[in-house]
1. Of (1) in a loop (DSSP other than H, G, I, E, B); (2) surrounded by 15 or more Cβ atoms within 10 Å (Cβ to Cβ); (3) away from ligand 1 (no atom under 16 Å from the Cβ), residue 104 satisfies all except one. Which?
2. Please go through the stretch 73-96 and pick out each residue that is more than 16 Å from ligand 1 (Cβ to nearest atom) and within 24 Å of residue 120 (Cβ to Cβ).
3. Test residue 29 against the stated conditions and say whether it is under 20 Å from residue 109 (Cα atoms) and either within 10 Å of the chain's Cα centre (by Cα) or within 14 Å of ligand 2 (Cβ to nearest atom) (or both).
4. Filter the stretch 169-196 down to the residues that are without any contact (Cβ under 8 Å) to a residue 60 or more places away in the chain and touching a helix residue (DSSP H, G or I) at 6+ places or on another chain (Cβ under 6 Å) and list them by number.
5. Mind listing whichever residues of the stretch 150-168 are in contact (Cβ under 8 Å) with a residue 24 or more places away in the chain and more than 14 Å from residue 219 (Cα to Cα)?
6. What is the one condition in (1) under 20 Å from residue 53 (Cα atoms); (2) without any contact (Cβ under 8 Å) to a residue 12 or more places away in the chain; (3) among the charged types (D, E, K, R) that residue 127 does not satisfy?
7. Could you look through the stretch 32-62, keep only residues that are buried (at least 16 other Cβ atoms within 10 Å of the Cβ) and among the β-branched types (Val, Ile, Thr), and pick out the one that is farthest from the chain's Cα centre (by Cα)?
Amino acid sequence: MHFSTDEEPRCKRCGDCCRKGGPALHLQDLPLIQDGTIPLSAIVTLRKGERAYDQPGQSVDMLDSEILKIKGRDAAWTCTFFSPAGNTCGIYETRPAECEILFCRDIEPLKAMYDKDRLARADLLPEGHPLLDLIAEHDGKCDPARMEALAKAAREGDREAGQALKEMVVFDMEIRRLVPERTGMSPDMNEFLFGRPLRVLLAAMNIKTYETGGTIRFGFNK
Ligand code: SF4
Ligand code: SF4
């Protein structure tokens, strides 16, 4: 962040906040999705039960409801609309509500709106859409909180938990392979539909997933 003490505090558009991650989306952002400014393929769902960084609280917490967030880029959380070369936002004039309100030297306005009117996947798919059933089935079978509990038990040597975890991860991988294959949808839609892959969530717990001979195995790192 770059400020001089004799200046009126205001955003210098340095891009530091964009590098830390894109915004969560709110009802106010719906028109940006409807008019294609933010395509669904640019959104990642952080599902209920996942651990995620809470920007105002500056802590990693388990989510009690889902959040739709602009994806990261270059394998980092840097907002996908951010151009590091010029420190610019590709949608600045129509940026989402959180970006408009965020000012790093006074985050109270962001705090006040942070968990209000958040968008969820069901807000973006028409009622009765067949993908909603698939999303519900995936959420039921691949619940992140259960995944975390199974992973902890498997790490302690619980074989049944290890087997259940394996079945869960295989289901998660298969649905991400089959849906694009059968619907013609871009695989880029998977993170909106089904959130971050379980193997990514496991990697954050220092558990690697290896694919070997048509099945998977886990590597538990300390
Ligand atoms: S709000 Fe973001 S872009 Fe503006 S000065 Fe702070 S870190 Fe930089
Ligand atoms: S949408 Fe634009 S302003 Fe908001 S985080 Fe991304 S690059 Fe930054």
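1. Among (1) in a loop (DSSP other than H, G, I, E, B); (2) surrounded by 15 or more Cβ atoms within 10 Å (Cβ to Cβ); (3) away from ligand 1 (no atom under 16 Å from the Cβ), residue 104 violates only (3).
2. 73, 80, 94 - these are the residues of the stretch 73-96 that are more than 16 Å from ligand 1 (Cβ to nearest atom) and within 24 Å of residue 120 (Cβ to Cβ).
3. For residue 29, the condition - under 20 Å from residue 109 (Cα atoms) and either within 10 Å of the chain's Cα centre (by Cα) or within 14 Å of ligand 2 (Cβ to nearest atom) (or both) - is met.
4. Kept after step one, since they are without any contact (Cβ under 8 Å) to a residue 60 or more places away in the chain, are these residues of the stretch 169-196: 169-185, 187, 190.
Passing the criteria: 169, 171, 172, 175, 176, 180, 187, 190.
5. Residue satisfying the conditions is 168 alone.
6. (1)
7. Top of the filtered list is 37.
No value in this document is a laboratory result; all are computed from the given coordinates. Everything numeric in this text was worked out from a predicted model, so none of it was measured. Heads up, the Cβs are rebuilt from the backbone with ideal geometry, glycines too, and the neighbour counts pull from every protein chain shown.
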